[in-house]
Amino acid sequence: MLCVYLACIGCQSTQVAPKAESIRISDDVFVQPIAAGVWLHTTYSELPNYGRVPANGLVVVDGKEAMLIDLPWTDEQTATLCDWIASSRGAIVTTVVPTHFHEDCMGGLAEAHRRGATSYGLDKTIGIARQRRLPVPQIPYQFRTMVRCGNTVALVTYFGAGHTTDNVVAWLPKQGVLFGGCLIKSLDSQSLGNTTDGDLAAYPTTVRRVQTAYRHAKIVVPGHGDWGGPELIEHTLKLAVEQSPKP
């Protein structure tokens, strides 16, 4: 399995769609095509002291199957997104992969389960979800797992703590897309944001590991804000070094 994993890390696709306009599904659910068979989904929530906050995830479609990497904030938004996938792409969401336990990653997990989707969660995420009495991902894994959607593979890996102690990243080798989730920051981010459940001391090392593994990624998607390329990882590393505790 490890050999397959390492081989897939180097796989790259030459077919990457140019940036396109976002498609409005509802007042707080938007999608944007970013690569062949891959859409960015962005959903919004009103948070105290922050206002209207967007959060990103991926929709992966291969034939009649679809996968969500991170879910919307709520069950209602998840239902809206799943209905759009069914009506516009002719696919059913069969798999969901939250990248950590926060609401902006798995707030809609109960709705996904209600619709029959299978969920995968890092063992740390499952432990936290149980402790906090949140909906619990069904299939546990340690460190890394390979998840399929039709003939498309997603490699999900835990490189260490950062934004949270359980944050993972997801790599789509066929499309050259890295979903960094909330571990990776957009270029306009001036800080690492909410790290209450994270580890600032470990953050730089974790990001360096991600950078080493995916320095040739064509598209890098952060948990919040605009997507780009590997420069997002470098920007995040700079922020992590600046904000890490000094000896």
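For the residue pairs K174/K246; K64/K124; K64/K218; K19/K124; K19/K174, the C-alpha atoms sit more than 28 angstrom apart in K174/K246; K64/K124; K19/K124. Mean separation of Cα pairs under 8 Å and 6 or more residues apart, divided by the residue count, gives region 176-227 a relative contact order of 71 percent. Counted by Cβ distance under 11 Å from P54, the other residues give a net charge of -2, where Lys and Arg count +1 and Asp and Glu count -1. The charge dipole of the chain, taken about its Cα centre with unit charges on the Cβ of Lys, Arg, Asp and Glu (plus for the first two, minus for the last two), comes to roughly 700 debye.
Of the beta bridges in the chain, as assigned by DSSP with both residues counted there, near 75 percent are antiparallel. If the chain linking A36 and E76 were pulled fully straight, counting 0.36 nm for each residue of separation and taking away their Cα-Cα distance, it would gain 11.7 nm. In a fully extended conformation the segment linking R133 and D83 would gain 15.3 nm over its present Cα-Cα distance, using 0.36 nm per residue. The listed peptides 192-200, 97-105, 113-121, ordered by packing as a protection proxy, come out as 97-105, 113-121, 192-200 (highest mean of other Cβ atoms within 10 Å first).
For the chain, averaging the sequence separation of C-alpha pairs within contact (under 8 Å, six or more residues apart) and dividing by the residue count gives a relative contact order of 15 percent. Take every pair of alpha-carbon atoms less than 8 Å apart whose residues are at least six positions apart; their mean separation over the length of region 116-183 yields a relative contact order of 23 percent. Taking Cα centre as origin and charging only the Cβ of basic (Lys, Arg, +1) and acidic (Asp, Glu, -1) residues, the dipole magnitude of region 157-247 rounds to 320 debye. For region 63-133, a crude dipole built from +1 on the beta carbon of Lys and Arg and -1 on the beta carbon of Asp and Glu, taken about the Cα centre, is about 240 debye to the nearest 20. Peptide packing for 56-62, 182-188 was compared via the average number of neighbouring C-beta atoms within 10 Å per residue; ordered from the highest value, the list is 56-62, 182-188. Computed from label points 7 Å out along Cα-Cβ, the spacing between R148 and A20 is 2.7 nm.
Placing R0 at 41 angstrom, the Cβ-Cβ distance between K246 and H216 gives a FRET efficiency of 0.80 after rounding to 0.05. Volume per residue for the chain equals 123 cubic angstrom (convex hull of Cα atoms). Taking only alpha carbon atoms, region 105-247 gives an Rg to Rh ratio of 0.97, where Rh is the Kirkwood radius. Label-to-label distance for E231 and V53 is 2.7 nm, based on points extended 7 Å past Cα in the beta-carbon direction.
Return the loop-located GluC sites (Glu not before Pro) in region 157-247 (DSSP other than H, G, I, E, B) with at most 12 other Cβ atoms within 10 Å of their own Cβ; answer none if there are none. Sparse-neighbourhood loop GluC sites (Glu not before Pro): none present.
Over the chain, dividing the summed -39,500 (n - 2.57) contributions of all DSSP H runs of at least 4 residues by the number of residues returns a 222 nm mean residue ellipticity of -8000 deg cm²/dmol. With all protein chains in place and a 1.4 Å probe, the accessible surface of the chain carries 52 percent carbon and sulfur. Projecting the Cα atoms of A213, L232, P245 onto the charge dipole of the chain (Cβ charges, centred on the Cα centre) puts A213 farthest toward the positive pole.
Here D197 and I92 are evaluated by their C-beta separation; at R0 = 30 Å the FRET efficiency comes out at 0.40. Sparse packing (at most 14 other Cβ atoms within 10 Å of the Cβ) combined with a DSSP loop state is found for the following GluC sites (Glu not before Pro) in region 18-68: E21.
The values are calculated or read from the model by the stated rules, or taken from the named source; none is laboratory data. Keep in mind that what you see is a predicted model, and the values were worked out from it rather than measured. When we count neighbours, we look across all protein chains shown, and the Cβ atoms used for this are built from the backbone with ideal geometry, even at glycine. Side chains included, ligands, DNA and RNA excluded: accessible areas come from the protein's heavy atoms. Shrake-Rupley method; radii C 1.70, N 1.55, O 1.52, S 1.80 Å.
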